[in-house]
Amino acid sequence: MAITAKEVNELRKKTGAGMMDCKKALVEADGDMNEAVDLLRKQGQKIAAKRGDRDATEGLVIAKSTGAKGVLVCVNCETDFVAKNEAFGEFANSIVDIVIANGPSTVDELKSLSYSGNGMTVGEKITEQSGVIGEKIDISGLETVEAAKVVAYNHPGNQIATIVGLTADNEDEGKQVAMQIAAMNPISVDESSVPQDIIDRELSVGRELAIQEGKPEEMADKIAQGRLKKFYKETTLLNQMFVRDNKKTVKQFLTDTNPDLTVTDFKRISLSI
């Protein structure tokens, strides 16, 4: 099948591999992006692990918390110039306030809500703003977390934001964990919450790499399990090394503060930079 330049570029962004390697992988995978990623991994190309964040172009990502509930919204525009405009920032924050007040669970549901009682829906207001600003405006991400305590973190510039749910009211510790999520981009809370398809993929790739390295086939599964454990340490929040003290994990940091303190859920949205 014909492989487009857009597909090649997308794979390059996901993996960091060269353009020609990406094109070859896509051709071999018959255009299947996930299979092409696996092929590049097995060939030893440098790639990034699958992450739980969401990509966009320009705009603002804003996180807010009411205490027991946190919301995370990505409002997009076409240029960085507009994203830094004060009026656009006010509009984006007004959308977040509507989410907090009404609790929509999807972007489509949010767009159907009334915008500040002015006779327009949020979707209609977005269309109006697109005409006023002269750029396409849209909402590409909406996430919520509910817990005993939810802490919100907005990285300077609002290109990345996170919300994290905790089992106890520890605001300072929650902010540090929210910053960890922004910096380290974990894929799940711990190993028990990693999606099965990711586990299966890691085991498959780990086994194939072991065989390529000349390890006996009967040992390949054991080696793959070992690599999976390393994957958990690098990509699951509670098992990651705490960025402010790399002698302990995030889980140890939390339990040292409060034996009953842990993370129940988190969300992260990042703009493409």
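The values are calculated or read from the model by the stated rules, or taken from the named source; none is laboratory data. All values reported here derive from a predicted model rather than from experimental measurement. As a convention, Cβ positions derive from the backbone with ideal geometry for all residues, glycine included, and neighbour counts pool all protein chains shown.
Exactly one of these conditions fails for V145: (1) within 23 Å of A182 (Cα to Cα); (2) free of Cβ contacts under 8 Å to residues at least 24 places away in the same chain; (3) not in a loop (DSSP other than H, G, I, E, B). Give me its number.
(2)
Among the candidates G16, G52, G44, G31, which residue alone is modelled with pLDDT of 85 or more and among the small types (G, A, S)?
G31
So in segment 242-261, with the set limited to residues that are closer than 17 Å to S192 by Cα and touching a Leu at 6+ places or on another chain (Cβ under 6 Å), which one is surrounded by the fewest Cβ atoms within 10 Å (Cβ to Cβ)?
For segment 242-261, the residue satisfying everything is K251.
Taking segment 98-109, which residues are assigned to a loop (DSSP other than H, G, I, E, B) and in contact (Cβ under 8 Å) with a residue 40 or more places away in the chain?
Within segment 98-109, G103 is the sole residue that qualifies.
Would you please name the residue that is farthest from K149 (Cα to Cα), looking only at residues in segment 202-232 that are among the charged types (D, E, K, R) and crowded, with 19+ Cβ neighbours inside 10 Å?
Of everything passing the filter in segment 202-232, R207 is farthest from K149 (Cα to Cα).
From the list I223, I211, I198, pick out the single residue that is under 21 Å from L39 (Cα atoms) and either touching a strand residue (DSSP E or B) at 6+ places or on another chain (Cβ under 9 Å) or at pLDDT 95 or above (or both).
I198
Filtering segment 103-148 down to residues that are more than 24 Å from the chain's Cα centre (by Cα) and at positive phi, which residue is surrounded by the fewest Cβ atoms within 10 Å (Cβ to Cβ)?
Checking each candidate, the answer is G117.
Which one of the conditions (1) surrounded by fewer than 14 Cβ atoms within 10 Å (Cβ to Cβ); (2) more than 21 Å from I269 (Cα to Cα) does P195 fail to meet, given that it meets all the rest?
Every condition holds for P195 apart from (2).
Out of I62, I95, which single residue is more than 20 Å from the chain's Cα centre (by Cα) and in contact (Cβ under 8 Å) with a residue 12 or more places away in the chain?
Sole residue among the options that is more than 20 Å from the chain's Cα centre (by Cα) and in contact (Cβ under 8 Å) with a residue 12 or more places away in the chain: I95.
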